[in-house]
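Engineer: This structure is in structure tokens; I'll ask about it shortly.
Rule-based calculations on the coordinates, nothing more; no lab input. If you're wondering where the values come from, they're calculated on a predicted model, not measured in any experiment. A quick note on method: Cβ atoms are made from the backbone with ideal geometry, for glycine too, and the neighbour counts reach across all protein chains shown.
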Amino acid sequence: MITPDANGSTAAWDWYFDKVKYDGTNEYARASIAATLGQLPEEVAAWAVEAIGFTSVGGEIWGHTLSLSAYQGLQYVIALDESILQDSNATYVVAHEIAHARLGHAAMANISAAMADEAEADRLAASWGFERKAQQQ
């Protein structure tokens with residue numbers, strides 16, 4: 001859920017709301033992405049706005065980062081399950097996927113490499129101040 005900062009301001013994510021490249025109709029999804037960008041370190045957010053596009057998908061995945069050589073000038077497209085964007089982990093999931101892109105991760109051929117990439121993306125997202133919240137039963 002998107003909330004104002006300690007001073008009651010939502011200015012950072014309001015600005016990103018118009019800048020994010022989102023191919024979808026779910027405005028809550030766009031707002032969750034913008035909120036995440038507004039919480040990232042400035043240089044990472046600026047890079048993400050230029051290098052990453054977002055799209056919505058259905059299904060069981062929370063997110064998946066795709067590497068593109070050239071698609072409307074973007075380096076990556078992050079596909080997000082809209083249902084996760086209404087979860088308490090929404091900004092964490094977006095930050096985690098941005099971390100994969102920032103780290104240059106691509107699809108892995110084996111499970112150990114994929115697990116190492118997941119852990120590395122978790123650590124980078126945590127260094128930006130994002131933590132995965134425990135799932136409620």
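Engineer: Quickly rank 83-95, 121-133 as a protection proxy: mean count of other C-beta atoms within 10 Å, highest first.
Structural biologist: Values: 83-95: 20.8, 121-133: 15.8.
Packing order, densest peptide first, comes out as 83-95, 121-133.
Engineer: May I ask you to sort ASP81, ASP18 by Cβ crowding, counting other Cβ atoms within 10 Å and putting the fewest first?
Structural biologist: ASP18, ASP81
Engineer: Can you give the net charge of the other residues whose Cβ lies under 15 Å from the Cβ of ALA116, counting K and R as +1 and D and E as -1? Spell out each step's value before the answer.
Structural biologist: Values: positive: ARG123; negative: ASP117, GLU118, GLU120, ASP122.
So the surrounding residues net to -3.
Engineer: Near the amide H of GLY53, under 5 Å away, which other amide H atoms are found, from residues 5 or more places off or on another chain, if H is placed in the peptide plane?
Structural biologist: TYR76, VAL77, ILE78
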